[in-house]
Every structure is written in structure tokens, then in C-alpha cells.
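> Here's a structure for you.
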Amino acid sequence: MGPAMVGMDALIANLQQQHHQALTQQVQQHAAALTQQAQQQAAALAQQAQQYQEHAATLAQQAQQQLAAALTQQAQQHQERAAALAQQAQQQLAAALTQQAHAAQQHQEIINRLDTLQEGQRQLPMQLQNATVSLDAPLQYPPNVAVVVVGQFPRTKQELLGT
């Protein structure tokens, strides 16, 4: 090998080394650019994920508030319905008690009338036996005795005796 060949080999080796260094530098620059781009994309994705998490938390909070409001409203409606039913039941109970008291009062009045009638019936024979009236005087009935006329009754002792 001659000096020109050695110079050419050295030149080729030098060019290959420079080319290799340039390619290595390009690869390193490209790798650095790709790394920076990946880091930026990762940061953007992390920020987007954070925004999605915040949005999901906001939606969850809104859903809880809406659910709480709906449950509160439903509970209030149930409470109002229960109060209305309780008032209705109380009114019906008061009406039933009033009717029962009225019926008891009527029952007591009937018992009192029967007692009065029975007492009058017990006293009537003695009153008639002890009565001294003129034949023209109308018949006297004891006090508190209800007299029901269902036909023509004699009004005097004479009419009663048929004389």
C-alpha cells in the first residue's frame, strides 16, 4: 500500500468517524427531542387526567347534592302526607267520639224516660185508688208520665164507668 492509499484509508476512516459522530449526535439530538416531546405529552396527559379527576369529583359532588335534595324533598313529602293523614284520623276520631257521646246521651235520655214511665206506672194504681174527684172532672195523670192517645179515651170518671 502506497502513501496515497494510506492517506485515502485514513481519509475514509476519518470521514466514517465524522459520519458516525454526526449520526450519533443526530440520534442523541433526536432522542433528546423525542424525550422532551414525550415529557411534554406526559405532562399534558397528566394535566388532562387531573382535570378529568376534578370534573369527576365535581360531578360526584353534584350527584350527591342532587340525591340529598331529592331525598330531603321526598322525606318532606312523606312527612306532610303523614301529618295530613294524622289530622284526618284525628278528625275522624273526634267525629266518632262526638257521635258516640251523642248516642250515649240519647240512650241515657231513653233510660230516664223509661224510668220515669215505670215509676209513673207503679204510682198510678195508688193515685187512682186514692183519688177523689167529681164525676165530671177530667182524669188527672201523674206528673212526668207521657200519655199517648191512640184513640178516644174517657175523660171523666162517669165516661169511664159508663154511667
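No lab work stands behind these numbers, since they all come straight from the coordinates. Bear in mind the structure is a predicted one, so any value in this text is a computation, not a measurement. Here Cβ is always computed from backbone atoms with ideal geometry, including for glycine, and neighbour counts include all displayed protein chains.
> Any idea how far apart Gln88 and Ala101 come out in nm if each label point goes 7 Å out from Cα toward Cβ?
2.5 nm
> Please find the FRET efficiency linking Ala22 to Gln62, where r is the Cβ-Cβ separation and R0 is fixed at 35 Å, and quote it to the nearest 0.05.
FRET efficiency, Ala22 to Gln62: 0.05.
> Suppose each label sits 7 Å from its Cα in the direction of the beta carbon; what would the Ala75-Ala44 distance come out to in nanometres?
4.8 nm
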